[in-house]
Amino acid sequence: MSDFPVPEKSTWADFFIRHFGSGRLDQDHLRPLKGVSFGTVRRRLYFYGRSFWDAEVRLASTGHAWSEREGRRPHWHEGVLYLPETFESQGAVPGGEVYRAALAHALCHLKYGLPLVQSGLDAWTRRVVETVEDARVEALALRTWPGLLRLWQGLHTITPAARNSAGHYLERLARALLDSTYEDEDEWIRQGKSLFGSMPLDQEDFSVRVGRALAQSFRTKKIPVRIQSDQVLLTYRDDNRQCWAAHSEGNGTAGPVSRKVVRNRRFKFFGLNFKVVDESDNPSAKQFSLLAALFNFKLDIGVSVEDKDTDALGVYRYPEWDYKGQIERPSWVRILEKLPKSGDSQWVDDIIAEHKPLISRMRFVLDALQPAENQRLRKLEEGDEMDLNAAIRAYCDIRMGIPPDTRIMMRTLRQERDIAVLVLLDLSRSTNEKVPGQNHSILHLTQQACVLLADAIGKVGDPFAIHGFCSDSRHNVSYYCFKNFDQPYDQLAKARLAGMQGQLSTRMGAAIRHATTHLEWQKKGRKLLILLTDGEPADVDVRDRKYLRYDTRKAVEDAVREGVQVYCLTLDPRADQYVSTIFGARNYLVVDHVARLPEKLPLLYAGLTRS
């Protein structure tokens, strides 16, 4: 205990930070995140890249990375563009626009970048060459999209008064090469602008030639250069590792070179020695290593898996609950939102025709859900419009010398259902099994139930979505949107329902969190999530059966906290052992006769949404 005296006026966070040396906790983890988060703009950035740049770029968050290099600057790694977890507003530029500026700059390198050969260049010369290359690709982009100039200009705030370090001069050079209206009397800055305009921008060795000349002339200023700190500190610009990576190993292949980082570190804590091994090519995976050693929970940092999923519309990261350590692991599960395969939409129409008797029986139930006609409220002092009859009576009373009734306004009360429904389907491999005593599989009955439910909801008029999920470890949870809230229930949606497939495993908690996110976007008073599953949560990388059960329960609790009602319809005859623990005693239904599922699901919807 003598090695770790705890000061009286110190928090435990300060205590950990001060005494753990190179393995200390990052202070950024101990304070709330500020600014615009990556998750709120990721989808918008994806479509921005596709529409304006014709580029399908996989985007990911750096998470709570420890180092400045990884956590605070955008960077490319194995074809994925990593952006910071948050961006704060910078001057008049809001955080969301900083994300757009960062994506636009990164795509400039992708579209106009040329490989830079670093042989014979020292560290300072490479810094200058990178600054020139950034300006070159931005200048080429401005020829096509001149409006980007206003966006990038707002992020350059350096002035000629900043001259304390070589990094200040680099930032002044970056601003001068971008903004022609920026005036700087320094001779070196003027030389940079002159060299920048003396050669064609698409010349292969443009940046190296200009950068080498500027780096050589800068040495006459006799200003000391500190490579670690003297760089262009513009948060929207990436670290340019992709510019040099193509020739760093002499392999002639484009893209960054992946190196696995292996570190063996020892920590002494209250007289106990802990050994932590970090083996990862993603520095953000280190964030739990110290806590794992201290509190002895199983740590799976491994190698960050970034599948080459070309059909993924978006990548989302969600936390997961560890019931043993009673902690929530941030950004632990990766959701890949994909387009489902399409089948024959005629098959859906055949199901409607086959179940006409059932649809006819449900007609009276569905009619009861229809909102009543608009109701007029009369004799109001304040309202939406004047009640002409009441106004005439009041005028007659005035002419006769009788005090009039001043309640001459009326209001139309619109009867509308204020609810959004999302049906989440378990599409694991077990749904391909045959129903006992029938030729149909569980998946086939699920499809029939979804078709009848969609037909029923369509008649009532509630906004609804039908999604499905399956998983193959925490790194690869596939999420399929058969019909979204903003999409009509047309032939395309029917074809996607017909093409439904069962595969892989069931990581239920992550899927519920993502479905909750979709429901949060809906501006409705009631939000209902109906989960249809045939078993308990399970996945290939989890051995403890309780782990995913408790994580799913935590996801349900979080959803309820956000105003989403979660109801589970399970086909597992053994579900009584666990389903009430996860969803609550009144929020589940076990279907004893699986063959009646197509009938049960629409009636369940009617019962849950009845006012």
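The values are calculated or read from the model by the stated rules, or taken from the named source; none is laboratory data. The structure presented is a predicted model; accordingly, all values stated were derived computationally and were not measured. In this analysis, Cβ positions are derived from the backbone assuming ideal geometry, glycine residues included, and neighbour counts consider all displayed protein chains. The protein model used for the area step is the full one, side chains on, heavy atoms only, and it has no ligands, DNA or RNA in it. Shrake-Rupley method; radii C 1.70, N 1.55, O 1.52, S 1.80 Å.
Whenever you get a sec, line up Arg226, Arg543 from highest to lowest accessible area (probe 1.4 Å, protein heavy atoms).
Arg543, Arg226
Taking a quarter of the surface of the Cα convex hull of the stretch 520-559, what do you get in nm²?
3.9 nm²
Largest first, what is the accessible-area ranking of Arg549, Arg378 with a 1.4 Å probe?
Correct descending sequence by accessible area is Arg378, Arg549.
Provide the convex hull volume over Cα atoms per residue for the stretch 88-141, in Å³.
Once divided by residue count, the hull of the stretch 88-141 is 97 Å³.
Could you work out the percent of alpha carbon pairs in the stretch 33-246 separated by over 28 Å, rounded to a whole number?
Tail fraction, whole percent: 25.
Just subtract the alpha-carbon distance of Leu492 and Arg43 from 0.36 nm times their residue separation and send over the number in nm, one decimal.
The span from Leu492 to Arg43 would gain 159.4 nm if fully extended.
Using r as the Cβ-Cβ distance of Lys338 and Asp186, and R0 as 45 Å, what FRET efficiency do you calculate, to the nearest 0.05?
0.30
Sort Asp576, Asp186 by heavy-atom solvent-accessible area, probe 1.4 angstrom, most to least.
Putting Asp576, Asp186 in descending order of accessible area: Asp576, Asp186.
Lys554 accessible area, nearest 10 Å², 1.4 Å probe?
40 Å²
Taking amide H positions as placed in the peptide plane 1.01 Å from N, state which residues far from His77 in sequence (5 or more) or on other chains have amide H under 5 Å from it.
HN-HN under 5 Å from His77: Tyr82.
For the stretch 441-510 and the stretch 197-243, what is the centre-to-centre distance using only Cα atoms, to the nearest Å?
If we compute the Cα centre of each part, the gap is 52 Å.
Would you mind telling me the share, in percent, of accessible area of the stretch 33-246 contributed by carbon and sulfur at probe 1.4 angstrom?
Carbon with sulfur: 50 percent of the solvent-accessible area.
Keeping all protein chains in place, calculate the accessible area per residue for the stretch 59-186 (probe 1.4 angstrom), answer in Å².
Accessible surface, normalised per residue, equals 39 Å².
Is there a pair in Lys459/Lys524; Lys379/Lys524; Lys341/Lys524; Lys338/Lys546; Lys527/Lys554 whose C-alpha atoms are over 21 Å apart, and which pairs would that be?
Lys379/Lys524; Lys341/Lys524; Lys338/Lys546
Semi-axes of the stretch 493-595's equivalent ellipsoid from the Cα gyration tensor, sqrt of 5 times each eigenvalue, largest first, rounded to whole Å?
21, 19, 15
Would you kindly state how much longer the chain becomes between Gln346 and Leu201 on full extension, computed as 0.36 nm times their sequence separation minus their alpha carbon distance, in nm to one decimal?
46.6 nm is the gain from fully extending Gln346 to Leu201.
What does the charge count around Ser89 come to, taking other residues whose C-beta lies under 14 Å from its C-beta (Lys +1, Arg +1, Asp -1, Glu -1)?
Taking every other residue near Ser89 into account, the sum is 0.
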